[in-house]
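Each remark here refers to the structure printed beneath this line.
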Amino acid sequence: ALHRLGIPAVVASRQPLSVQGSIVLTEVLYERMLVGLRSLEDAFLAARRRLSEGAGGDWAALQLYARAGDGGDHRPFVVRPFRGLLAFREEHARLFFGRQQEVDEAVHDLSLLIAAKPGGPRFLVVTGASGTGKSSIVLAGLVPALQQRDEGRWRVVTLRPRDGMAKIDAALAERGAAALLLVVDQFEEVFTDVADKDTRALFVRRLWALADGASSGVSVVATLRVDFLARCSEIQLGDGERTLEDVLYDEAHRVFVRRMKREHMREVVVRPAARVGLALDPGLAEQILRDAGDEPGALPLVEYTLDRMWEARVRVGGARWQLAWATYEALGGVAGALEKQAEAMLAGMGELQRRAARRLLVQLVDTRDDASQDTRRRVRSDRLRLGPPAEAAVFAAVLGELVRERQPSR
C-alpha cells in the first residue's frame, strides 16, 4: 500500500520477523548502504542472504517493492562523492582513489622506520608539488591503512605548525597506551606562519626527538610542498651538523608524490561516482581527462569541477542520477569552472564589497623576500586590516561569503 501511494521503494515482510531476524536485517541493510555505499537493492539481497544462513523463514518473508522502470539502483542516502578544493580525510577513505601506489609506499616506508633497530627515527615526509594531493594521501590513505592493518591501535593527531608545542603536549597527555601518530599537515607553514626562527627550530627539533626516541612510541608524518625542500637546510636537528634537508633527501624518510598519470586521474573521475551510483554522460570522463592535461596542479581543479557538476546532477531513468555534458559546458570545463565561479561572485558584489574582498585576499598571500615563492598564508581574523570604515562595515559579510563558497556544506 505504501508503495502504491508513491514511495519509490519499500522493504516489508509478509509476516512478523523474529527479534534476531530484525536485528540482522537492520545491521546488514544499513551497513551496506551507509558504510559500503551500496544500493538498496544490493543491501536488501545481502540481508536476505545473511538471514538465510540462520534458522527460521525470515529470509523468505522479506520483500522489496520497487518499480522496474526506476532501475535497480535506489539510493535513499545521499553521499557527496567529490571534495572540491578540500582534502580527503580519514572519513572519506572509501571515496579516495588514484593514489594507491603512493599510499602503499608511505605505509611500507613508515613500517620499516618503526621496525628499525634500534627504534626510530620514525619521521616520514610526503612531498610533492602544490595540488598533487599530499594531504589526502596521508589522511585518507596512509592513516586508514595503518588503522585497518593494526586494528585501530593508533591514536592519530593532525596538527599544523602554527599549533606549536601546545598541541603536541596535549596529544602526548591524552594518548593513553596507544601508539601515537602525529600528522603535521602543510609542514611548509613552519616557514610561512612561524616568524620566529628559534620557535621554528624548537618545534621541528621536538618532533624529531619524539620520533627518534626508542621508547616514545611516537611516529611523525608530515606533508611538505617540494619547493620548500631547500629551506629545510635552515633547521638543524641537534648539536651535530645534520639538518632537516639532509633527512628529507634520504629516501627512507621521503615519499615523493609525482604528477598523477592519466589512468590514475581517470580513477579520480569515475570511481567515486560509481561508488554512489552516479553515472557520467558518454565521453564526458574522457573529455575531462583531456582538459585536465598534464599539469601537476590539475587535480584540485578536476575535483572542484566534478563537485560543482554533482551539485547540478540530473535525474535519468527513474532513480538514477547522472553528470551531464550540458552542466560541464555551462561551468566552463576544468579550466574555467573555478575562474568562472570566482568572477560571478565578484560580479555579484557591490563596489564596497569588492574592495573588502580585494583587501582580504591580498593579505592571505605570502610575498616576503625570504619565501621560496609566493604562497598562501593564514592570518587570524582579528589581525586582518579591515580598511576604511565603509569597507570594514561589510568585511564580515564578504569573509563569510568567501568561506561558504570554498567550503560548502558536506
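The values are calculated or read from the model by the stated rules, or taken from the named source; none is laboratory data. A quick note: this is a predicted structure, and the numbers were derived from the prediction, not measured. Positions of Cβ are generated from backbone atoms using ideal geometry, with glycine treated the same way; all protein chains shown enter the neighbour counts. Side chains included, ligands, DNA and RNA excluded: accessible areas come from the protein's heavy atoms. Shrake-Rupley method; radii C 1.70, N 1.55, O 1.52, S 1.80 Å.
Below is a table of values for the structure above.
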{"read-out": "Selection within the stretch 121-160 - closer than 26 Å to ASP246 by Cα, surrounded by fewer than 22 Cβ atoms within 10 Å (Cβ to Cβ) and in contact with a Gly (Cβ under 8 Å, 6 or more places away or on another chain)", "value": "ALA129, SER130, GLY131"}
{"read-out": "Yes/no for GLY21 being small (Gly, Ala, Ser), part of a loop (DSSP other than H, G, I, E, B) and out of contact with any strand residue (DSSP E or B) (no Cβ under 7 Å at 6 or more places or on another chain)", "value": "no"}
{"read-out": "Tally, over the stretch 63-78, of residues that are of a type in the set (D, E, K, R) and outside any loop (DSSP other than H, G, I, E, B)", "value": "1"}
{"read-out": "The stretch 24-57, residues that are outside any helix (DSSP H, G or I) and of a type in the set (Ser, Thr, Tyr)", "value": "SER39"}
{"read-out": "Candidates GLN322, GLN341 - the one that is assigned to a helix (DSSP H, G or I) and open to solvent by 20 Å² or more (accessible area, probe 1.4 Å)", "value": "GLN341"}
{"read-out": "Filter result (outside any helix (DSSP H, G or I) and within 30 Å of SER219 (Cα to Cα)) within the stretch 262-299", "value": "PRO296, GLY297"}
{"read-out": "Meets criteria (at pLDDT 90 or above, assigned to a helix (DSSP H, G or I), among the β-branched types (Val, Ile, Thr) and out of contact with any Lys or Arg (no Cβ under 7 Å at 6 or more places or on another chain)) for VAL204", "value": "yes"}
{"read-out": "THR223 being polar (S, T, N, Q) and open to solvent by 10 Å² or more (accessible area, probe 1.4 Å)", "value": "no"}
{"read-out": "Considering residues of the stretch 267-284 that are without any contact (Cβ under 8 Å) to a residue 40 or more places away in the chain and open to solvent by 50 Å² or more (accessible area, probe 1.4 Å) only, the residue farthest from LEU306 (Cα to Cα)", "value": "PRO282"}
{"read-out": "Only one of ALA87, ALA60, ALA106 that is aliphatic (A, V, I, L, M), in a helix (DSSP H, G or I), within 30 Å of ARG406 (Cα to Cα) and open to solvent by less than 40 Å² (accessible area, probe 1.4 Å)", "value": "ALA106"}
{"read-out": "Residue list for the stretch 378-394, restricted to those being open to solvent by 90 Å² or more (accessible area, probe 1.4 Å) and either modelled with pLDDT of 90 or more or in contact with a Lys or Arg (Cβ under 9 Å, 6 or more places away or on another chain) (or both)", "value": "ARG378, ARG385"}
{"read-out": "Any hit, the stretch 120-131, residues being part of a helix (DSSP H, G or I) and in contact (Cβ under 8 Å) with a residue 24 or more places away in the chain", "value": "no"}
